[in-house]
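No lab work stands behind these numbers, since they all come straight from the coordinates. Source: prediction; values computed, not measured. Virtual Cβ from ideal backbone geometry, glycine too; neighbours counted across all protein chains shown.
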Amino acid sequence: MRIFNTYGPRMRTQDGRAVPNFITQALKGKPITVYGKGRQTRSLCYVSDLVEGIVRLLNSKQNTPVNIGNPQEISVFQLAETIKRLTRSKSRIVSRPLPVDDPKVRRPDIALARKALRWSPKVPLEQGLRKTIEYFRSELT
């Protein structure tokens, strides 16, 4: 199984990935840091969708690698704006130099998961982000 950019409640606030960084910065009123112009994309899979994919794979006869993730892409800048809006933060979005090794595109091909496991992600991004933000609010207060 190859897992792509999972997010949800119980992530560590200092995880280092975009979702926890952006939420923590927004809730604390700190600048939200985007690298480069934020045009690089990510595809985010909510944790309950990931678990469903794992369970389906464990209960299948599939014996080759399967991608589990969300093929819907969002730019890092759009993600920062969405989190800022959902948290009702007054934080500014600031740009820092793009690391050389930062991936430009993250989009899994889940055709095999759809066919062999009859699996695809169900939780819409904003719904999952709302639940994740609620958790972070409780952790940061």
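Of the residues making up region 91-100, one or more are aliphatic (A, V, I, L, M), free of Cβ contacts under 8 Å to residues at least 24 places away in the same chain and out of contact with any strand residue (DSSP E or B) (no Cβ under 8 Å at 6 or more places or on another chain). The residue that is nearest to residue 45 (Cα to Cα), among those in region 109-135 that are among the small types (Gly, Ala, Ser) and part of a helix (DSSP H, G or I), is 128. Within region 86-130, can you find the residues that are more than 22 Å from residue 11 (Cα to Cα) and among the charged types (D, E, K, R)? Within region 86-130, 90, 92, 96, 101, 104, 109, 114, 115, 118 meet the criteria. State all residues of region 19-47 that are surrounded by fewer than 17 Cβ atoms within 10 Å (Cβ to Cβ) and under 12 Å from residue 78 (Cα atoms); if no residue qualifies, say none. Matches in region 19-47: 37, 39.
Can you tell me which residues in region 14-31 are within 12 Å of residue 87 (Cα to Cα) and among the hydrophobic types (A, V, I, L, M, F, W, C)? Passing the criteria: 22, 23, 26, 27.
Out of everything in region 84-139 that is within 30 Å of residue 60 (Cβ to Cβ) and among the polar types (S, T, N, Q), what residue ends up being surrounded by the most Cβ atoms within 10 Å (Cβ to Cβ)? Going through the qualifying residues, I end up with 132.
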